[in-house]
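What follows is a set of notes on a single structure, which appears directly below.
The values are calculated or read from the model by the stated rules, or taken from the named source; none is laboratory data. No experiment lies behind these values; they were computed from the predicted model shown. Note: ideal-geometry Cβ built from the backbone for every residue, glycine included; neighbour counts use all protein chains shown.
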Amino acid sequence: MFAKDVIIKRCSMNLYIKNMVCQRCIIVVKQILAGIGCETNDVLLGEIKLQEELSVEKFGLLTLKLNEVGFELIQEPNQRMVETIKKLIIEKVQTGFIEPHFTVSRYLKKYTLKDYSTLTKVFSANESCTIEKYFILQKLEKAKELLLYGDMAINTVARNLGYCSSQYFSLQFRKVYNYSPKEFIVAGAAARKPIDKVCLEYTKYP
């Protein structure tokens, strides 16, 4: 192998991280990497692109520091696939707009280049809910944010998140949380949940 090949290999080395769900997570991971002297090409949701291979000592320190703030390095391929699915769904939902005819199956197949049946099998085997339920729960948590801070009417939130009607949105909202969107607005921010915990929080969702 030529020296140039070694450099290319090292520059393309990626690490995958569980539980990164927002821009603040990226900032925290960048701070950890800087603190232990790791040079990177980029840090994305769920992924670190390293400039060079880590020593055993740095890898161990990085693992420890990430665990301290609730993150986890992923080495198993199926877990990496699950985190990729989560990342794609979160990124889509966080835009605050879901097209009327959007389907999560077509969306994931487009960006993972994998058959949806394979994705669902792997996801369900590693998580406490299906992809479809995870997508719904992420939409409902985004709805909470929009209802509290977006100054939007319930029917506008429902439409922006791809629901065919505000009635169906309210029905699904109550089915998951046991209270209506209007009741949530009264309860306020205390009723919100971290978006990386939705599967854990709502395993009883039918």
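Structure above, values below:
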| item | result |
| --- | --- |
| Subset of region 169-190 [surrounded by fewer than 13 Cβ atoms within 10 Å (Cβ to Cβ) and modelled with pLDDT under 90] | VAL186, GLY188, ALA189, ALA190 |
| Any hit, region 79-86, residues being within 23 Å of ALA34 (Cβ to Cβ) and in contact with a Leu (Cβ under 8 Å, 6 or more places away or on another chain) | no |
| Residues of region 38-62 satisfying the condition of being assigned to a loop (DSSP other than H, G, I, E, B) and on the phi < 0 side of the Ramachandran plot | CYS38, GLU39, LEU45, GLN51, GLU52, GLU53, LEU54, SER55 |
| Residues within region 10-37 that are assigned to a loop (DSSP other than H, G, I, E, B) and either assigned by TED's automatic domain parsing to the domain that holds VAL82 or at pLDDT below 90 (or both), tallied | 6 |
| Conditions (1) closer than 19 Å to GLN138 by Cα; (2) at pLDDT 95 or above; (3) part of a helix (DSSP H, G or I): number failed by THR84 | (2) |
| Selection from region 96-107 of residues that are closer than 22 Å to GLN23 by Cβ and touching a Lys or Arg at 6+ places or on another chain (Cβ under 9 Å) | GLY96, ILE98, TYR107 |
| Index of the failed condition, ILE98 passing every other in (1) assigned to a helix (DSSP H, G or I); (2) at pLDDT 95 or above | (1) |
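Yes/no matrix, rows are residues, columns are (1) in contact (Cβ under 8 Å) with a residue 12 or more places away in the chain; (2) assigned to a helix (DSSP H, G or I); (3) within 13 Å of ILE89 (Cα to Cα):
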{"site": "GLU132", "(1), (2), (3)": "yes, yes, yes"}
{"site": "GLU145", "(1), (2), (3)": "yes, yes, no"}
{"site": "MET152", "(1), (2), (3)": "no, no, no"}
{"site": "VAL157", "(1), (2), (3)": "yes, yes, no"}
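Residue by residue, here is whether (1) of a type outside the set (A, V, I, L, M, F, W, C); (2) surrounded by 14 or more Cβ atoms within 10 Å (Cβ to Cβ) holds:
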position: GLN94; (1), (2): yes, yes
position: HIS101; (1), (2): yes, no
position: ARG106; (1), (2): yes, no
position: LEU113; (1), (2): no, no
position: PHE123; (1), (2): no, yes
